[in-house]
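Before any comments, here is the structure.
The values are calculated or read from the model by the stated rules, or taken from the named source; none is laboratory data. On a predicted model such as this, the values are computed, not experimentally measured, just so you know. Using ideal geometry, Cβ is built from the backbone for each residue, glycine included, and neighbour counts are taken over all protein chains shown. The accessibility values were calculated without ligands, DNA or RNA, using every heavy atom of the protein model including side chains. Shrake-Rupley method; radii C 1.70, N 1.55, O 1.52, S 1.80 Å.
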Amino acid sequence: NKGGTEFAAEAAVIDWLGQRNLSDKKVHELFMTQTDENGKRLLAALKGSGARAANTLDRYDPKVVAGAFKKYLGDKEPLLGFNNFQRIKSIHNTGNDAKAYASLVQSMSQNRQGILSHLFSLLTQLVSCGNMKPDKIAHVFGPVLLRPRTTTTDMMEMMMEVKMQKKVVEALVNNAQTIFGGGGGAIHSPRAAAYSPRSGGGPP
(Lines give C-alpha, C1' and ligand atoms only; values in the text may rest on other atoms or scores of the structure.)
Protein backbone atom coordinates (compact mmCIF):
# COMPACT_ATOMS: atom_id res chain seq x y z
CA ASN A 1 0.00 0.00 0.00
CA LYS A 2 1.54 3.27 -1.16
CA GLY A 3 -1.32 5.36 0.11
CA GLY A 4 -4.15 4.12 -2.08
CA THR A 5 -6.19 6.51 -4.19
CA GLU A 6 -6.10 9.07 -1.37
CA PHE A 7 -2.39 9.66 -1.92
CA ALA A 8 -2.01 8.43 -5.50
CA ALA A 9 -0.45 11.67 -6.74
CA GLU A 10 2.11 11.70 -3.93
CA ALA A 11 3.02 8.07 -4.58
CA ALA A 12 3.42 8.68 -8.31
CA VAL A 13 5.83 11.57 -7.78
CA ILE A 14 7.82 9.65 -5.16
CA ASP A 15 8.18 6.76 -7.61
CA TRP A 16 9.35 9.12 -10.35
CA LEU A 17 11.90 10.80 -8.08
CA GLY A 18 13.06 7.40 -6.88
CA GLN A 19 13.93 6.47 -10.45
CA ARG A 20 16.32 9.41 -10.75
CA ASN A 21 20.02 9.02 -10.00
CA LEU A 22 20.05 9.46 -6.24
CA SER A 23 23.84 9.12 -6.15
CA ASP A 24 24.24 12.38 -8.07
CA LYS A 25 26.12 14.81 -5.86
CA LYS A 26 23.67 17.58 -6.77
CA VAL A 27 20.62 15.62 -5.67
CA HIS A 28 20.63 17.47 -2.34
CA GLU A 29 19.69 20.62 -4.26
CA LEU A 30 16.45 19.09 -5.55
CA PHE A 31 14.14 19.98 -2.71
CA MET A 32 15.77 23.39 -2.13
CA THR A 33 14.42 24.71 -5.44
CA GLN A 34 11.82 27.46 -5.34
CA THR A 35 8.72 26.96 -7.50
CA ASP A 36 9.15 28.80 -10.82
CA GLU A 37 6.62 29.13 -13.66
CA ASN A 38 7.17 25.53 -14.76
CA GLY A 39 6.79 24.43 -11.17
CA LYS A 40 3.54 26.35 -10.85
CA ARG A 41 2.20 24.62 -13.97
CA LEU A 42 3.12 21.23 -12.57
CA LEU A 43 1.66 22.13 -9.17
CA ALA A 44 -1.61 23.08 -10.84
CA ALA A 45 -1.57 19.78 -12.76
CA LEU A 46 -1.01 17.78 -9.56
CA LYS A 47 -3.86 19.58 -7.83
CA GLY A 48 -6.17 19.26 -10.82
CA SER A 49 -5.31 15.85 -12.24
CA GLY A 50 -3.71 14.04 -9.32
CA ALA A 51 -1.78 10.92 -10.26
CA ARG A 52 -2.55 11.44 -13.95
CA ALA A 53 -0.11 14.35 -13.85
CA ALA A 54 2.65 11.77 -13.38
CA ASN A 55 2.41 11.09 -17.10
CA THR A 56 3.85 14.56 -17.72
CA LEU A 57 6.77 14.46 -15.25
CA ASP A 58 9.40 13.62 -17.86
CA ARG A 59 8.77 17.03 -19.41
CA TYR A 60 10.26 18.70 -16.36
CA ASP A 61 13.66 19.01 -14.78
CA PRO A 62 13.89 16.95 -11.57
CA LYS A 63 14.42 20.16 -9.60
CA VAL A 64 11.10 21.46 -10.89
CA VAL A 65 9.35 18.22 -9.95
CA ALA A 66 10.89 18.15 -6.47
CA GLY A 67 10.10 21.81 -5.81
CA ALA A 68 6.50 21.46 -6.99
CA PHE A 69 6.09 18.27 -4.96
CA LYS A 70 7.28 19.98 -1.78
CA LYS A 71 4.86 22.86 -2.42
CA TYR A 72 2.05 20.37 -3.17
CA LEU A 73 2.64 18.65 0.17
CA GLY A 74 2.85 22.00 1.96
CA ASP A 75 -0.53 23.11 0.65
CA LYS A 76 -2.29 20.05 2.09
CA GLU A 77 -2.78 18.67 5.57
CA PRO A 78 0.66 17.50 6.75
CA LEU A 79 1.22 13.80 6.17
CA LEU A 80 1.61 13.18 9.90
CA GLY A 81 -1.85 14.70 10.38
CA PHE A 82 -3.08 17.76 12.24
CA ASN A 83 -4.76 15.61 14.88
CA ASN A 84 -1.47 13.94 15.80
CA PHE A 85 0.46 17.14 16.49
CA GLN A 86 0.02 17.15 20.27
CA ARG A 87 0.83 13.46 20.58
CA ILE A 88 3.96 13.92 18.47
CA LYS A 89 4.92 16.91 20.58
CA SER A 90 4.59 14.76 23.69
CA ILE A 91 6.80 12.01 22.19
CA HIS A 92 9.37 14.63 21.22
CA ASN A 93 9.37 16.15 24.70
CA THR A 94 9.94 12.76 26.31
CA GLY A 95 12.93 11.69 24.24
CA ASN A 96 11.82 11.00 20.64
CA ASP A 97 11.37 7.28 21.30
CA ALA A 98 11.21 5.31 18.03
CA LYS A 99 8.79 2.74 19.41
CA ALA A 100 6.40 5.50 20.48
CA TYR A 101 6.48 6.91 16.96
CA ALA A 102 5.92 3.42 15.57
CA SER A 103 2.84 3.02 17.77
CA LEU A 104 1.56 6.40 16.59
CA VAL A 105 2.01 5.49 12.92
CA GLN A 106 0.22 2.17 13.47
CA SER A 107 -2.78 4.08 14.80
CA MET A 108 -3.11 5.99 11.52
CA SER A 109 -5.16 4.90 8.52
CA GLN A 110 -3.64 2.30 6.21
CA ASN A 111 -3.38 4.87 3.42
CA ARG A 112 -1.52 7.37 5.60
CA GLN A 113 0.80 4.65 6.87
CA GLY A 114 1.44 3.58 3.29
CA ILE A 115 2.37 6.98 1.92
CA LEU A 116 4.56 7.82 4.93
CA SER A 117 6.44 4.55 4.53
CA HIS A 118 6.83 5.18 0.81
CA LEU A 119 8.10 8.74 1.31
CA PHE A 120 10.57 7.73 3.99
CA SER A 121 11.86 4.99 1.68
CA LEU A 122 12.90 7.78 -0.68
CA LEU A 123 14.29 10.00 2.07
CA THR A 124 16.40 7.24 3.59
CA GLN A 125 17.76 6.44 0.12
CA LEU A 126 18.92 10.05 -0.11
CA VAL A 127 20.70 9.60 3.22
CA SER A 128 22.26 6.27 2.24
CA CYS A 129 23.67 7.87 -0.92
CA GLY A 130 25.44 10.38 1.29
CA ASN A 131 23.96 13.39 -0.44
CA MET A 132 21.49 14.55 2.21
CA LYS A 133 22.06 14.20 5.91
CA PRO A 134 19.04 13.58 8.16
CA ASP A 135 19.21 17.11 9.56
CA LYS A 136 19.07 18.59 6.04
CA ILE A 137 16.07 16.42 5.15
CA ALA A 138 14.43 17.48 8.40
CA HIS A 139 15.00 21.14 7.53
CA VAL A 140 13.33 20.69 4.13
CA PHE A 141 10.47 18.36 5.09
CA GLY A 142 9.71 19.38 8.67
CA PRO A 143 7.02 21.96 7.79
CA VAL A 144 5.28 19.75 5.21
CA LEU A 145 5.20 16.69 7.45
CA LEU A 146 4.34 18.25 10.80
CA ARG A 147 2.62 21.46 11.85
CA PRO A 148 -0.31 22.49 14.06
CA ARG A 149 -3.72 23.21 12.59
CA THR A 150 -3.55 26.80 13.88
CA THR A 151 -0.35 28.77 13.34
CA THR A 152 0.89 30.65 16.38
CA THR A 153 1.75 34.34 16.22
CA ASP A 154 4.11 34.09 19.20
CA MET A 155 7.64 34.29 17.81
CA MET A 156 9.21 32.24 20.59
CA GLU A 157 6.60 29.51 20.29
CA MET A 158 7.02 29.53 16.52
CA MET A 159 10.77 29.03 16.85
CA MET A 160 10.21 26.15 19.26
CA GLU A 161 7.79 24.50 16.82
CA VAL A 162 10.28 24.78 13.96
CA LYS A 163 12.97 23.25 16.14
CA MET A 164 10.63 20.44 17.11
CA GLN A 165 9.67 19.78 13.46
CA LYS A 166 13.31 19.27 12.57
CA LYS A 167 14.06 17.00 15.53
CA VAL A 168 10.96 14.87 14.92
CA VAL A 169 11.61 14.38 11.20
CA GLU A 170 15.29 13.67 11.86
CA ALA A 171 14.24 10.98 14.35
CA LEU A 172 11.81 9.50 11.81
CA VAL A 173 14.54 9.32 9.16
CA ASN A 174 17.10 7.80 11.51
CA ASN A 175 14.63 5.17 12.74
CA ALA A 176 12.56 4.62 9.59
CA GLN A 177 12.89 0.82 9.66
CA THR A 178 11.57 0.63 13.23
CA ILE A 179 8.84 3.23 12.77
CA PHE A 180 7.49 2.37 9.33
CA GLY A 181 8.38 -1.28 9.03
CA GLY A 182 9.20 -1.12 5.35
CA GLY A 183 10.54 2.43 5.71
CA GLY A 184 13.99 2.77 4.24
CA GLY A 185 13.55 -0.02 1.73
CA ALA A 186 14.28 0.43 -1.96
CA ILE A 187 11.49 1.78 -4.11
CA HIS A 188 13.04 0.76 -7.42
CA SER A 189 10.61 -2.02 -8.31
CA PRO A 190 8.52 -3.27 -11.23
CA ARG A 191 5.48 -1.78 -9.55
CA ALA A 192 7.19 1.59 -9.35
CA ALA A 193 7.76 1.44 -13.10
CA ALA A 194 3.99 1.29 -13.58
CA TYR A 195 3.90 4.94 -12.59
CA SER A 196 6.63 5.91 -15.01
CA PRO A 197 5.56 8.32 -17.75
CA ARG A 198 7.71 6.29 -20.11
CA SER A 199 5.50 3.26 -19.63
CA GLY A 200 2.37 5.28 -20.28
CA GLY A 201 0.87 3.70 -17.19
CA GLY A 202 -0.74 5.20 -14.16
CA PRO A 203 -1.21 4.15 -10.59
CA PRO A 204 -3.26 0.98 -10.11
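Here are some notes:
- Of the residues 153, 94, ranked by 1.4 Å probe accessible area with the largest first, the sequence reads 153, 94.
- The label-point distance for residue 58 and residue 40, in a model that sets each label 7 Å from Cα toward Cβ, rounds to 2.8 nm.
- Charge context of residue 157, other residues only, Cβ under 15 angstrom, K/R +1, D/E -1: +2
- Here the contact order of the range 1-132, divided by its residue count and restricted to Cα pairs under 8 Å and six or more residues apart, works out to 44 percent.
- Surface exposure of the range 116-169, expressed per residue as accessible area with a 1.4 Å probe, stands at 49 Å².
- Counted residue by residue at 0.36 nm each, then reduced by the alpha carbon distance between them, the extension gain from residue 21 to residue 156 reaches 44.6 nm.
- Pairs from 63/99; 40/166; 71/167; 76/136; 2/40 whose Cα-Cα separation, in the structure shown, is over 29 Å: 63/99
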